[in-house]
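Step one of this worksheet: look at the structure below.
The values are calculated or read from the model by the stated rules, or taken from the named source; none is laboratory data. None of these values were measured; they are calculated from a predicted model. Please note: Cβ atoms are built from the backbone with ideal geometry, for glycine as well, and neighbour counts cover all protein chains shown. For accessibility, only protein heavy atoms count, side chains too; no ligands or nucleic acids. Shrake-Rupley method; radii C 1.70, N 1.55, O 1.52, S 1.80 Å.
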Amino acid sequence: MKKKTQVSDVDTSRYDFYFDEEPKDMLKSGVTPEIIDEISKEKNDPEWMREFRQNALRIYNEMPTADWWPPLDGLDMSEIVTYIRSKVRMKNKWEDVPENIKNTFERLGIPQAERESLSGVGAQYDSELVYHNMREEARADGVVYMDIEGAMRDKRYEKMIRDYFMKLVPVDDHKFAALHAAVWSGGSFVYVPKGVHVEYPLQSYFRLNAMGAGQFEHTLIIVDEDAYLHFIEGCSAPKYYKASLHAGCVEIYVKKNATMRFSSIENWSKNMYNLNTKRAIVEEGGKIEWISGSFGSHTSSLYPMSILNGKGARAEFTSISFAGAGQNLDTGAKIIHAAPDTSSYMNTRSISKSGGINTFRSIVKVTKKARGSKSSVSCESLMLDSLSKSNTIPVMDVQTSFADVGHEAKIGRIGDDEIFYLTSRGLSEEEAKALIVRGFCDDVSKELPIEYAMEMNNLISMEMEGSIG
Amino acid sequence: MKINHLSVPTWDKCSVNEVEVPLGSVLPFEPTADLPSGVLAEVSNEPCKISTGCGEEFSHALQNLPKQVFTVSKKCSSALRLDFDFKKSTSGSRIQIHTLPNSELEVVMNYSSSDSGTGAVQIEIMADDNSRINLVQVVDAGKNSMLINDIGMTISTNAKVTLTQVYLNGAKMYGGAHAELLGEGAKFDCNTGYNLKDSQLLDLNLVAIHRGKKSVSDIKVRGTLSDKSEKIYRGTIDFKTGASGSKGAESEEALLLDETVASKTVPLILCTEDDVEGAHGASIGRLDEKVEYYLKSRGLSEKQIRKLMAKAKIEATIKNVRDKMALDRIRELIK
């Protein structure tokens, strides 16, 4: 009798903890002009930002939610607290961070990673950054890695922020981009000067610890000509019975011949609505590489977009998502070829189990200006049971004949032939299935930094049982 | 009226979720029918009760037209031929083809029109157990014409529907096909080919829903676009829970011959059953440089190469057509 192999859900218990702390000082829940005003006051926003937030709120109130989005029935915005006052000023030494917050990040392994393998770290706790620091070598090269609100008030960077902030992701891009613009708080600003190759990655870690709250950080990265940066974003939260919301925004400017790698490992708790927006614009000869792992969240709607704006610009998108019980992960990517000789490659893997829903959604658009462009998309989905659901919804829009666009997609389960072959080579069925699933993820995990690849292997823990008898 | 709805909507900005067509009141049109023995023809006023590729709004627009019902009781050696020649006013037809168990029929539908004729046709196919239907559709309409070609199918145990569509002439051509593979071992084999030029528009929505165990679908779309022509291909393979052992594949090859063409492809695979194999492949772009170089080295001009490629796409599409008259007509049209 053939028995099904059991693959466990992604184990997020490591992230599901919180330390006792003083009651949080929260603004009222909901999104009103008065609340937006309060956020502006708390932030000491310049006048242009006050107006910007209020205008964004008007757009948010007028915009409908897109009808193709995954259901957001469990998300009641009147119950979401958009801003939590911080009693802690941002520090640049972990010793100065309050004990309970420091313990949280210690347990997530952030200070250790900083010591061992990073050029700098930013740590956000609820609505505010609590820690930001960077290695002296990077600072000496002129790299700027600081909290974005500080940058906005710093005369050296104020104009840059004003010139770039929410220009790539317009306020009316979608309803939750407008919400982000109205209530954004925290996040990082990165500038890598011309020709600087940042040796170790920078990492921002976002922790949403409060119940029934939202996190709306904004990350703005500018990688100047011929420069290189690897930026890592991590996120997690403990699980509560009430819905939480993450509507952050990432804007990346990759200048001529620069390369940017953006790795994101998302382990939000399963009460989280992750409605994030990420976008990069790449100039001549530049390259953006997105590495994305989606494991947590109740509902995710996340499609990093790459606009290939200069001749020969390139984009790569590599992702893996694992949807278990109760999860609806609607993820993918958008790539716009808007200049000649641009190229793009998408490679995605998804695993659905125990009623989890995975949807891969993409668009590759080749405009009339993009003569000589090439694009290749490969997406594979593994279904581990019939309770689950897996969809692929790709769009290819080609507006010039001087282009080559290819797409391939596969959906299925672990093949009996593969199991048979591996068992004939001496492996048990359990070992064979474990090997196949790891192999299925390998294309993606090999792109991750080694510590994250190991983390991913831990996350997709395998529990095998059963045999053919 | 909105037709050809994508099975699961996506970004509105992509303009692929459906298409708006201007369709006014529709006058009934009865095609010329050449009936082989074993086929019974009747007229019915029953509304369409099955899902079709173009969708409910289109079914509603045609619901008051009389429906010609063809019931097939045996294996027919010759084809049922239906010729549609639409004039200037908007003409519509409803056709139902019902193959009883173990019967078999080839149906050839020829669409033609006056210069600016508008045709709206809905075909319901009911393939009972172990029956076979081979439906061949050839579109050769006027330069300013509009055609909506809508099909709905139910395919029972071990039955097979083979659909061959050749879109050649007509200004605006909309094609929808929806196959419900209900029974165990049900099969749907679809080959759609096109040669588009000038400002022609082809808008397709081809859907295969797997409900029966070990059901098989294969959708192949291929063609060439030149001048300012445009094409949208929406394809869906949907594996429902219980369709274990099923296989579905869809592929598209779009050869773009001029810089001014536009091609959109949206191939969906939806899945709620683990024991299935679903695959999709698409290749959209210009002619491979090596192929072009080889053909030129054999003495072919650019014009001849374009013609050859267009012809090759259609030849690959019509491999399942048995009716000699239909084959001759298609080959004459692509000469």
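A few points about this structure:
- Filter result (open to solvent by less than 20 Å² (accessible area, probe 1.4 Å) and at the interface with another protein chain (Cβ under 10 Å from one of its Cβ atoms)) within the stretch B:239-256: B:239, B:243, B:248, B:250, B:252, B:254, B:255, B:256
- Considered as a group, the residues in the stretch B:320-335 that are touching a residue at least 40 places away in the same chain (Cβ under 8 Å) and of a type in the set (D, E, K, R) include one that is least open to solvent (accessible area, probe 1.4 Å), and that residue is B:323.
- Candidates are the residues of the stretch B:213-238 that are outside any strand (DSSP E or B) and polar (S, T, N, Q); the one that is nearest to the other protein chains (Cβ to nearest Cβ) is B:226.
- Checking residue A:250 against (1) at pLDDT below 95; (2) of a type in the set (A, V, I, L, M); (3) crowded, with 24+ Cβ neighbours inside 10 Å, the condition it does not meet: (1)
- Residue in the stretch B:67-79 that is on the phi < 0 side of the Ramachandran plot and touching a Phe, Trp or Tyr at 6+ places or on another chain (Cβ under 9 Å) present: no
- Qualifying residue in the stretch A:381-397 (condition: open to solvent by 20 Å² or more (accessible area, probe 1.4 Å), in contact (Cβ under 8 Å) with a residue 60 or more places away in the chain and at the interface with another protein chain (Cβ under 8 Å from one of its Cβ atoms)): yes
- Check on residue B:79, away from chain A (no Cβ under 14 Å), under 28 Å from residue B:330 (Cα atoms) and crowded, with 18+ Cβ neighbours inside 10 Å: yes
- Residue check for residue B:108: outside any loop (DSSP other than H, G, I, E, B) and surrounded by fewer than 19 Cβ atoms within 10 Å (Cβ to Cβ): no
- Just one residue in the set A:362, A:375, A:401 is over 27 Å from the mean Cα position of the chain (by Cα) and either crowded, with 23+ Cβ neighbours inside 10 Å or within 12 Å of another protein chain (Cβ to nearest Cβ) (or both); that residue is A:401.
- Candidates in the stretch B:257-300 are the residues that are of a type in the set (Gly, Ala, Ser) and facing chain A (nearest Cβ under 7 Å); of these, the one that is surrounded by the most Cβ atoms within 10 Å (Cβ to Cβ) is B:263.
- Number of positions in the stretch B:7-27 that are facing chain A (nearest Cβ under 8 Å) and part of a loop (DSSP other than H, G, I, E, B): 6
- Residue B:4 closer than 29 Å to residue B:210 by Cα, more than 14 Å from chain A (Cβ to nearest Cβ) and of a type in the set (S, T, N, Q): yes
- Residues within the stretch A:200-245 that are open to solvent by less than 10 Å² (accessible area, probe 1.4 Å), among the hydroxyl-bearing types (Ser, Thr, Tyr) and either over 12 Å from residue A:272 (Cα atoms) or out of contact with any Ser or Thr (no Cβ under 8 Å at 6 or more places or on another chain) (or both), tallied: 2
- Filtered by the rule that a residue be in a strand (DSSP E or B) and in contact with a Pro (Cβ under 9 Å, 6 or more places away or on another chain), the stretch B:28-56 gives B:28, B:43, B:44.
- Of all the listed residues (B:241, B:260), the sole one being assigned to a loop (DSSP other than H, G, I, E, B), under 25 Å from residue A:388 (Cα atoms) and of a type outside the set (A, V, I, L, M, F, W, C) is B:241.
- Out of A:264, A:269, one residue alone is touching a strand residue (DSSP E or B) at 6+ places or on another chain (Cβ under 6 Å) and either of a type outside the set (Asp, Glu) or surrounded by fewer than 22 Cβ atoms within 10 Å (Cβ to Cβ) (or both). It is A:264.
- Counted residues, the stretch A:137-159 - those being open to solvent by 20 Å² or more (accessible area, probe 1.4 Å) and in contact with a strand residue (DSSP E or B) (Cβ under 7 Å, 6 or more places away or on another chain): 3
- Check on residue B:317, open to solvent by less than 10 Å² (accessible area, probe 1.4 Å), touching an Asp or Glu at 6+ places or on another chain (Cβ under 8 Å) and modelled with pLDDT of 95 or more: no
- Of all residues in the stretch A:288-301, those satisfying the criterion of being open to solvent by 10 Å² or more (accessible area, probe 1.4 Å) and within 19 Å of residue A:362 (Cα to Cα) are A:289, A:292.
- Scoring residue A:262 on the criteria (1) in contact with a helix residue (DSSP H, G or I) (Cβ under 6 Å, 6 or more places away or on another chain); (2) more than 28 Å from residue A:67 (Cα to Cα) leaves a single failure, condition (1).
- Among the numbered conditions (1) open to solvent by 20 Å² or more (accessible area, probe 1.4 Å); (2) at pLDDT below 95; (3) among the polar types (S, T, N, Q), the only one that residue B:96 does not meet is (2).
- Qualifying positions in the stretch A:407-424 - part of a strand (DSSP E or B) and either more than 7 Å from chain B (Cβ to nearest Cβ) or within 26 Å of the chain's Cα centre (by Cα) (or both): A:407, A:408, A:409, A:410, A:411
- Exclusive hit being at pLDDT 95 or above, among the aliphatic types (A, V, I, L, M) and surrounded by 15 or more Cβ atoms within 10 Å (Cβ to Cβ), set A:59, A:80, A:84: A:59
- Residue A:432 being touching a residue at least 24 places away in the same chain (Cβ under 8 Å) and touching an Asp or Glu at 6+ places or on another chain (Cβ under 8 Å): no
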